[in-house]
Amino acid sequence: MIKVIFFAALREQLGSAGTEINADSATTVAEVKVALGEKNNNWQHYLTNNSLLCAVNHQMVNSDFSVKAGDEVAFFPPVTGG
Amino acid sequence: MIKVIFFAALREQLGSAGTEINADSATTVAEVKVALGEKNNNWQHYLTNNSLLCAVNHQMVNSDFSVKAGDEVAFFPPVTGG
Amino acid sequence: MTSLNNKYPEISIQTEDFDHGVEVNLLENNNVEDGAVVTFSGRVRNNNLGLTVKGLFLEHYPDMTEKLLAEIIQTAKKRWDIGRVKIIHRIGQLAIGEQIVFVGVTSKHRQDAFAANEFIMDFLKVSAPFWKKELTELGETWLAAKASDKEKAQAWSK
Amino acid sequence: MTSLNNKYPEISIQTEDFDHGVEVNLLENNNVEDGAVVTFSGRVRNNNLGLTVKGLFLEHYPDMTEKLLAEIIQTAKKRWDIGRVKIIHRIGQLAIGEQIVFVGVTSKHRQDAFAANEFIMDFLKVSAPFWKKELTELGETWLAAKASDKEKAQAWSK
């Protein structure tokens, strides 16, 4: 399984702090998004937002980054701390 | 009279925190220095130091600045606060 | 550079408030080599973009935040001759006037502490995974990232 | 800009020590407009140019110091959008590790407080009439002004 988590506005839009997807259903971050959209049709719109950022195992990555079983994939809006 | 004061290393070199000179004996800062050197020969050497700064009535000035009776003329080395 | 002993963490993400004076004392304690200390602290303002702000909610990505901030500190230490660094960032619900963030940097010469502190703040702003939700007279809104913050961070690589 | 009431002086030349945390609280007190506070504090280091320093004596030119610092503050306020400013400078005999100087600046946006604080320190260094005498293992020496400080101050007019 791949652990998927959401933060801030995205978490509220999806109505979910996170989920899991089967590791067989995605080999890249882009495919994780597709798998999540298939899992829940209402999510698709929010996950295709171009400004969304992604971290895999706490490291910022692009959509072509490879994912594997056991990874933690996080999606979130641009950060606004400080 | 013109009030003359000295600070820091200069004060220690001259062995004096200040003195007064007759307003008739100097019309510029440069002339104040000459008057001070005539008043005390030992001071001449230290007062001709090029790095010395001068303030008249708390305002930084050059050697050609005019002075008059009642002025406070201060001589001191480059500042080192902070 | 003066290293801290292991009991003094450089990064603290916390819900509770902090004492600015205590933090400065910790940065200076047994640190006679570094003559300069520069601190930045940010607090909740009472207005933003013309709206009256009533409070702020801060969310973050645990573990990733600490990792990102540690990377920023390491980059700053390579670039400037600085001694100790402390970053405190609060999370959770904050009221107007409350402290949000503290960055403290010590150095032998002041320009290093000034530059490193501003650098840390600029990169914290654009890369540490914190999100602010503002409670205004119009309701709750997640803040949008500012283009000016991105430009400030990019300016360091010029 | 948030003005201070007249009871809070922007400049203090004093022999006694000061409390960094108290000064920051005074800068922030009833000042909810300014979200950012940048402080600089300088202390007596234990070494200078390779010599072990035992202590420092600070002399100044009363009245002229205050006038010069007030002019620096006014210039900073014209150049940046800053709120409150506090400058504390100690005089007299100081031991290793003791605080010498504090500059605190508040602003709405952090870059103004960072820049104004460093500007104030750079001009304080080269224009305020303070002189330091260092007590080292070799005896007492009046410190020489540094060319690097002059260059830093000049860099602001570029």
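The values are calculated or read from the model by the stated rules, or taken from the named source; none is laboratory data. Model, not experiment: these values are computed from the prediction. Positions of Cβ are backbone-derived with ideal geometry, glycine not excepted, and every protein chain shown enters the neighbour counts.
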Of the residues in the stretch C:118-140, those that are more than 9 Å from chain A (Cβ to nearest Cβ) and in a strand (DSSP E or B) come to C:134, C:135, C:136, C:139, C:140
| said: Residue under question is residue C:10, and the condition is that it be modelled with pLDDT of 95 or more, surrounded by fewer than 21 Cβ atoms within 10 Å (Cβ to Cβ) and touching a helix residue (DSSP H, G or I) at 6+ places or on another chain (Cβ under 7 Å); does it hold? | reply: yes
Listed by first then second residue, the pairs whose first member lies in the stretch A:58-70 and is closer than 16 Å to residue A:24 by Cα, whose partner is of a type outside the set (A, V, I, L, M, F, W, C) and assigned to a loop (DSSP other than H, G, I, E, B), with beta carbons under 7 Å and at least 6 positions apart or on separate chains, are A:66/A:27; A:67/A:27
For residue C:57, the lone unmet condition from (1) surrounded by fewer than 21 Cβ atoms within 10 Å (Cβ to Cβ); (2) within 12 Å of chain A (Cβ to nearest Cβ); (3) under 18 Å from residue C:146 (Cβ atoms) is (3)
Going through the stretch D:96-117 in order, the residues found to be modelled with pLDDT of 95 or more and among the hydrophobic types (A, V, I, L, M, F, W, C) are D:100, D:101, D:102, D:103, D:105, D:113, D:114, D:115, D:116
From the option list C:47, C:31, single residue qualifying as out of contact with any Cys (no Cβ under 9 Å at 6 or more places or on another chain) and crowded, with 16+ Cβ neighbours inside 10 Å is C:31
request  = Test residue C:16 against the stated conditions and say whether it is assigned to a loop (DSSP other than H, G, I, E, B), farther than 15 Å from residue D:35 by Cβ and in contact (Cβ under 8 Å) with a residue 12 or more places away in the chain.
outcome  = yes
Reported set for the stretch A:6-46 where residues are within 14 Å of chain C (Cβ to nearest Cβ), surrounded by 19 or more Cβ atoms within 10 Å (Cβ to Cβ) and in contact with a Lys or Arg (Cβ under 9 Å, 6 or more places away or on another chain) is A:8, A:9
Picked from the stretch D:62-117 (must be of a type in the set (D, E, K, R), away from chain B (no Cβ under 13 Å) and in contact with a Ser or Thr (Cβ under 7 Å, 6 or more places away or on another chain)), the residue surrounded by the most Cβ atoms within 10 Å (Cβ to Cβ) is D:84
